[in-house]
Number of protein chains: 2
Amino acid sequence: MKTPELSRRNTALIRSLHTRHGRKKSGLCLCEGVRAVTELCTLRPELIRFAVATERGLAALGRELLCEVNLLSEATFDELSGTVHSQGVLAVAETPPEAGSADVPQEPFLLALDGVGDPGNFGTICRTLRAAGLETLWYTRGSIDPFGDKAIRAGMGAQFALKLRSFADLGALREAAAELGFRRFYVTDPHGGESCFTAPGLFDHSVVVIGGEANGATMLADAEHVIIPMPGKFESLNAAQAATVFLFEYVRRSEGAR
Amino acid sequence: MKTPELSRRNTALIRSLHTRHGRKKSGLCLCEGVRAVTELCTLRPELIRFAVATERGLAALGRELLCEVNLLSEATFDELSGTVHSQGVLAVAETPPEAGSADVPQEPFLLALDGVGDPGNFGTICRTLRAAGLETLWYTRGSIDPFGDKAIRAGMGAQFALKLRSFADLGALREAAAELGFRRFYVTDPHGGESCFTAPGLFDHSVVVIGGEANGATMLADAEHVIIPMPGKFESLNAAQAATVFLFEYVRRSEGAR
């Protein structure tokens, strides 16, 4: 159903969803861009409340949206968009609840993020995790909201496919993981430890922790340290690049095992 | 030498350097942030014309800047900064000339970018390449300016350490590489080809081409196709993530060979 007008109420709602406060209050999030909206429609169509698009955005989407669609001019759309060069389509959706203790991860290892506060990095890691064939992502609470509009754009909606679960700190995360049988605990450390390319138990009932850019990961007692060898001695990798190295080292080993 | 005032002329100059036109006209670029300025000071101090900082920015830098430094208030600095949460330090520097045909790459393989137009991706790839111990990056001309302020921020100044060289198109790049002895030519292809984890000649006198997000890499006749295995069947990786997989597969193989 296409309607030419966006109500004042929904205009205000969309504006509010660019803020964490607005998302928390409404329980909704903003999913913008052709690929993110496509992912949302494919994975969790039941979450969509309504969509806003331009003619160009709908053409690029190339599929029917089974919800109310407000068709706007480019100029009006741009006022609602979080990007400079918009793709002309966004959906307002319910934020899915996070995974609970009953969600037992089926993967051989868990990727965990400690203090990754940049929404672009967080979203990119969601997307890369999904490309690697995994679905569980655990993280410590901090400034990041996985369903913030920037994180969703960077993740191209991969968030909606994942089982995300947050913890107060890395200690609590470790405890929950151990209870589910993930007892090995590896923390990435730029200064030393086993090489991520040779550590034998790296993906065996384990947790692999990637730290944020500002402070790295919390160094828990008895954690095993793992390092990404860096011949260039350049201080450290971006958190999303570090996660990519681990995720695709996992893919490489799995391919070899087949 | 610290001066409390920034001249009108330099204020206008800094503003102009946020645009490609301004950078081209002046031959200068804007290097912003603590780590990027540190890199610039370490690698190419002779390029710096002057710097602008707040007290906080200078403290975070923790080193003497051997050039004219204009000390500004946070509010005045923010008007010049390209970021929302600035780190309070930026330098205006000469853009280094690009590598020429006399610069023979010493690496066993060349990473090449075809149509990577996103400055964040381009900068991240510069940083990751440097972490992997490489210094040559070739690319096809497009919308990207490696010394744009966003690309420098994402690269944390790694650009100043690299030998960058641009070509009109992938065919011209291939020809120049072959002349220097890099005769194998691999193009990443999301649809098929040899696995990047097993292709034996991947880093042996070769070029590895990563495509941009919009259109992928140009498929030249007779190029070898190489694929990043993606168990998740998620459409494709971000260009910077794809580059990271190749760069650290190279590191992994080099570590094994030692």
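The single condition from (1) more than 14 Å from chain B (Cβ to nearest Cβ); (2) open to solvent by less than 20 Å² (accessible area, probe 1.4 Å); (3) touching a Leu at 6+ places or on another chain (Cβ under 7 Å) that A:Gly201 fails is (3).
Residues in the range A:174-233 that are charged (D, E, K, R) and not in a loop (DSSP other than H, G, I, E, B): A:Arg174, A:Glu175, A:Glu179, A:Arg184, A:Glu194, A:Glu224. In the set B:Ala102, B:Ala93, only one residue is part of a loop (DSSP other than H, G, I, E, B), away from chain A (no Cβ under 14 Å) and farther than 20 Å from B:Val208 by Cβ; that residue is B:Ala102. Out of A:Gly123, A:Gly133, one residue alone is assigned to a helix (DSSP H, G or I) and either away from chain B (no Cβ under 12 Å) or within 19 Å of A:Leu247 (Cα to Cα) (or both). It is A:Gly123.
Specify the residue that is surrounded by the most Cβ atoms within 10 Å (Cβ to Cβ); the eligible residues are those in the range A:9-49 that are outside any helix (DSSP H, G or I) and touching a Phe, Trp or Tyr at 6+ places or on another chain (Cβ under 6 Å). Among them, the one singled out is A:Cys29.
Residue by residue, here is whether (1) among the aromatic types (Phe, Trp, Tyr); (2) in contact (Cβ under 8 Å) with a residue 12 or more places away in the chain; (3) over 16 Å from B:Asp145 (Cβ atoms) holds:
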site: B:Thr19; (1), (2), (3): no, no, no
site: B:Arg23; (1), (2), (3): no, yes, no
site: B:Leu30; (1), (2), (3): no, yes, no
site: B:Thr38; (1), (2), (3): no, yes, yes
site: B:Leu61; (1), (2), (3): no, yes, yes
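Taking the criterion of being open to solvent by 10 Å² or more (accessible area, probe 1.4 Å) and touching a Lys or Arg at 6+ places or on another chain (Cβ under 6 Å), the residues of the range B:137-159 that qualify are B:Asp145, B:Met156.
Listed here are the residues, each with its yes/no results for (1) surrounded by fewer than 22 Cβ atoms within 10 Å (Cβ to Cβ); (2) β-branched (Val, Ile, Thr).
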site: A:Ser206; (1), (2): yes, no
site: A:Ile210; (1), (2): no, yes
site: A:Ala214; (1), (2): yes, no
site: A:Leu220; (1), (2): yes, no
site: A:Ile227; (1), (2): yes, yes
site: A:Lys233; (1), (2): yes, no
site: A:Asn238; (1), (2): no, no
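Only one of B:Val34, B:Val52 is among the aliphatic types (A, V, I, L, M) and within 14 Å of chain A (Cβ to nearest Cβ). Can you tell me which? Criteria check complete, one pass: B:Val34. Candidates in the range A:221-247 are the residues that are within 9 Å of chain B (Cβ to nearest Cβ) and β-branched (Val, Ile, Thr); of these, the one that is farthest from the chain's Cα centre (by Cα) is A:Ile228. Within the range B:158-173, the set of residues being within 14 Å of another protein chain (Cβ to nearest Cβ) and either part of a helix (DSSP H, G or I) or aliphatic (A, V, I, L, M) (or both) comprises B:Ala158, B:Gln159, B:Phe160, B:Ala161, B:Leu162.
Here B:Trp138 passes the criteria (1) more than 11 Å from the chain's Cα centre (by Cα); (2) part of a strand (DSSP E or B) except the one numbered (1). Selection of the range A:66-84 for residues being in a loop (DSSP other than H, G, I, E, B), closer than 16 Å to A:Leu6 by Cα and within 25 Å of the chain's Cα centre (by Cα) yields A:Cys67, A:Ser81. Residues of the range B:185-215 that are closer than 16 Å to B:Gly171 by Cβ and of a type outside the set (A, V, I, L, M): B:Phe185, B:Tyr186, B:Gly211, B:Asn215.
The values are calculated or read from the model by the stated rules, or taken from the named source; none is laboratory data. Being a predicted model, the structure only gives us computed values, none of them experimental. We place every Cβ from the backbone using ideal geometry, glycine too, and count neighbours over all the protein chains shown. Surface accessibility is based on the protein's heavy atoms, side chains included, excluding ligands, DNA and RNA. Shrake-Rupley method; radii C 1.70, N 1.55, O 1.52, S 1.80 Å.
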